[in-house]
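The values are calculated or read from the model by the stated rules, or taken from the named source; none is laboratory data. Since we're looking at a predicted model, the values are computed, not measured. Methodologically, a virtual Cβ is constructed for each residue, glycine included, from the backbone with ideal geometry; neighbour enumeration extends over all protein chains shown.
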Amino acid sequence: MSESLSPSLLTTLVFVFFLLAGLFAQLWLNTRQVRHVAHHRAAVPAPFAGRVTLQAHQKAADYTLAKLRFGLVETLLGTAVLVAWTLLGGLDLLNQLLQMLLSGWSGLSRQIALVAAFALISALIGLPASLYQTFVLEQRYGFNRTPFALWVSDQLKGALLGAGLGLPLLALVLWLMNAAGSAWWLWTWLVWMTFNLVLLVVYPTFIAPLFNRFQPLDDESLRARVTALMARCGFKASGFYVMDGSRRSAHANAYFTGFGAARRVVFFDTLLQQLSPAEVDAVLAHELGHFRRRHIPQRIAAAFVSSLLGLALLGWLSTQVWFYTGLGVTPNLNGTPNDALALLLFLMAAPVFTFFVSPIFSALSRRHEFEADAFAVTHTSGADLGSALLKLYQDNASTLTPDPWYVRFYYSHPPAAERLARLHA
């Protein structure tokens with residue numbers, strides 16, 4: 001085989017092709033969305049005339065355009081960083097540096113250090129974007145309520161929590177990759193699945209309170225309403241809570257989380273301030289619809305199947321030299337395992353190849369939203385759900401005029417016009 005067709009070079013060419021194809025697709029979609037939103041900015045769409053003011057419509061358009069421009073910068077910078085880590089040798093340089101500095105450490109310890117250093121550098125690279133989004137973009141449109149000290153506290157808590165949970169899990173995964181033979185990916189998948197199921201149970205009770213305050217719902221009238229609604233829908237909850245979402249943002253939401261005895265209903269305080277009791281009922285019925293239609297188990301199952309396939313693929317790729325060299329990395333030749341390198345390369349490269357599959361998952365998510373709406377209107381008023389959704393679209397400054405192709409690729413929820421039309425029908 002000639003050098004021009006070597007597996008390593010072919011890997012590089014395929015990676016660059018999908019990277020550029022995905023980048024151009026994102027730029028094309030971003031441009032379409034910008035033009036579509038800007039074109040319809042001057043007038044409220046006919047279906048919303050009389051219900052949405054021109055000022056609110058234009059605020060949503062401007063907010064959407066600002067996010068799109070910021071997203072474009074993030075996309076370009078993210079692509080540059082990915083190329084720097086891979087084809088330009090950034091990950092290889094970091095690995096060689098740690099191999100030299102930590103020569104006295106065990107192979108497993110050096111691998112953990114490599115992943116930890118990569119995660120730390122990536123987090124530092126992403127900090128300016130996070131700061132801009134919170135304190136410039138969200139602040140400009142009146143959504144940010146996060147004091148800088150609270151933002152710093154959140155970052156530190158997130159880092160400590162990530163290290164406390166992630167490092168032991170990483171150590172176990174890397175150990176399995178080296179010690180469990182050719183079927184390591186199956187054992188790793190079982191560990192990953194167990195970890196996520198445990199996390200679903202403990203998150204509402206032990207992790208979420210580290211970042212937000214949860215107070216029992218003290219509005220007796222509303223509590224009676226939602227209790228009766230849950231009884232009609234065949235659900236029970238361990239409690240009804242109000243979360244202090246207004247400490248960080250003006251955006252509103254509600255969710256039903258947990259399993260078994262750990263199930264709880266959580267309302268953002270901003271949601272209770274914006275919606276009437278009947279509208280709160282309708283929003284909660286929608287969330288219950290996701291559980292009744294078994295959307296949550298379906299999504300968990302899909303995530304587990306995709307992770308199983310991904311780990312199986314990684315199990316094969318990790319044994320191929322061209323996988324490393326084609327993505328800008330020289331495998332360790334001193335007896336140190338290459339498992340951390342393989343894991344990092346796979347996590348960076350996988351999104352490049354799966355971008356064009358994302359419309360399938362977006363369409364499935366939108367279908368689930370329609371099904372949850374249909375469930376909600378069998379237990380509450382469709383008019384109340386429609387008015388609640390419209391308020392949430394307005395309060396979150398969601399554009400009423402998205403580009404159809406942009407919706408197909410990115411929207412996990414149906415656009416307002418389509419969703420409300422379905423409700424009225």
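With respect to Thr146, determine if the residue is among the polar types (S, T, N, Q) and either without any contact (Cβ under 8 Å) to a residue 40 or more places away in the chain or in a helix (DSSP H, G or I) (or both).
Considered against the rule, which asks whether it is among the polar types (S, T, N, Q) and either without any contact (Cβ under 8 Å) to a residue 40 or more places away in the chain or in a helix (DSSP H, G or I) (or both), Thr146 comes out as no.
Among the residues in region 77-92, are any at pLDDT 95 or above, farther than 30 Å from Ala171 by Cβ and loosely packed, with under 14 Cβ neighbours inside 10 Å?
Yes.
Looking at this structure, is Phe356 surrounded by 18 or more Cβ atoms within 10 Å (Cβ to Cβ), in a helix (DSSP H, G or I) and of a type in the set (Phe, Trp, Tyr)?
no
Please tell me if Ala278 is of a type outside the set (S, T, N, Q), out of contact with any helix residue (DSSP H, G or I) (no Cβ under 6 Å at 6 or more places or on another chain) and in a helix (DSSP H, G or I).
no
Step by step: first the residues of region 312-328, then only those that are surrounded by fewer than 17 Cβ atoms within 10 Å (Cβ to Cβ) and in contact (Cβ under 8 Å) with a residue 60 or more places away in the chain, then the one that is farthest from Val357 (Cα to Cα). Which residue is that?
Val321
Could you list, in sequence order, the residues of region 136-155 that are under 21 Å from Asn212 (Cβ atoms) and exposed (fewer than 15 other Cβ atoms within 10 Å of the Cβ)?
Gln139, Gly142, Pro147, Phe148, Ala149, Leu150, Val152, Ser153, Gln155
Of the residues Gln33, Gln55, only one is without any contact (Cβ under 8 Å) to a residue 60 or more places away in the chain, assigned to a helix (DSSP H, G or I) and under 25 Å from Ala417 (Cα atoms); which?
Gln55
Which residues, counting only those in region 117-135, are within 28 Å of Leu97 (Cα to Cα) and buried (at least 17 other Cβ atoms within 10 Å of the Cβ)?
Phe118, Ala119, listed by residue number.
Just give me the residues in region 205-252 being under 25 Å from Tyr141 (Cβ atoms), part of a loop (DSSP other than H, G, I, E, B), touching a strand residue (DSSP E or B) at 6+ places or on another chain (Cβ under 9 Å) and in contact (Cβ under 8 Å) with a residue 40 or more places away in the chain, in sequence order.
Arg248, Ala250, His251, Ala252
May I ask you to verify whether Leu309 is closer than 14 Å to Trp185 by Cβ, part of a helix (DSSP H, G or I), free of Cβ contacts under 8 Å to residues at least 12 places away in the same chain and out of contact with any strand residue (DSSP E or B) (no Cβ under 8 Å at 6 or more places or on another chain)?
Yes: the conditions hold for Leu309.
Sort through Gly22, Gly50, Gly71, Gly78 and tell me the only one that's under 30 Å from Ser122 (Cβ atoms) and free of Cβ contacts under 8 Å to residues at least 40 places away in the same chain.
Selected residue: Gly78, the only one of Gly22, Gly50, Gly71, Gly78 that is under 30 Å from Ser122 (Cβ atoms) and free of Cβ contacts under 8 Å to residues at least 40 places away in the same chain.
Given the condition out of contact with any Pro (no Cβ under 6 Å at 6 or more places or on another chain), assigned to a loop (DSSP other than H, G, I, E, B) and either buried (at least 19 other Cβ atoms within 10 Å of the Cβ) or charged (D, E, K, R) (or both), answer yes or no: does some residue in region 384-397 qualify?
yes
Among the residues of region 91-118, which ones are in a helix (DSSP H, G or I), without any contact (Cβ under 8 Å) to a residue 40 or more places away in the chain and either more than 14 Å from Ala340 (Cβ to Cβ) or of a type in the set (A, V, I, L, M, F, W, C) (or both)?
Residues satisfying the conditions are Leu93, Leu94, Leu97, Leu98, Met100, Leu101, Ala113, Ala117.
Tell me whether region 255-272 contains one or more residues that are of a type in the set (Gly, Ala, Ser), assigned to a loop (DSSP other than H, G, I, E, B) and at pLDDT below 90.
Checked against the condition, which is being of a type in the set (Gly, Ala, Ser), assigned to a loop (DSSP other than H, G, I, E, B) and at pLDDT below 90, region 255-272 yields at least one hit.
Give region 382-425 a look and list any residue that's modelled with pLDDT of 90 or more and of a type in the set (S, T, N, Q), or say none.
Residues satisfying the conditions are Ser387, Ser398, Thr399, Thr401, Ser412.
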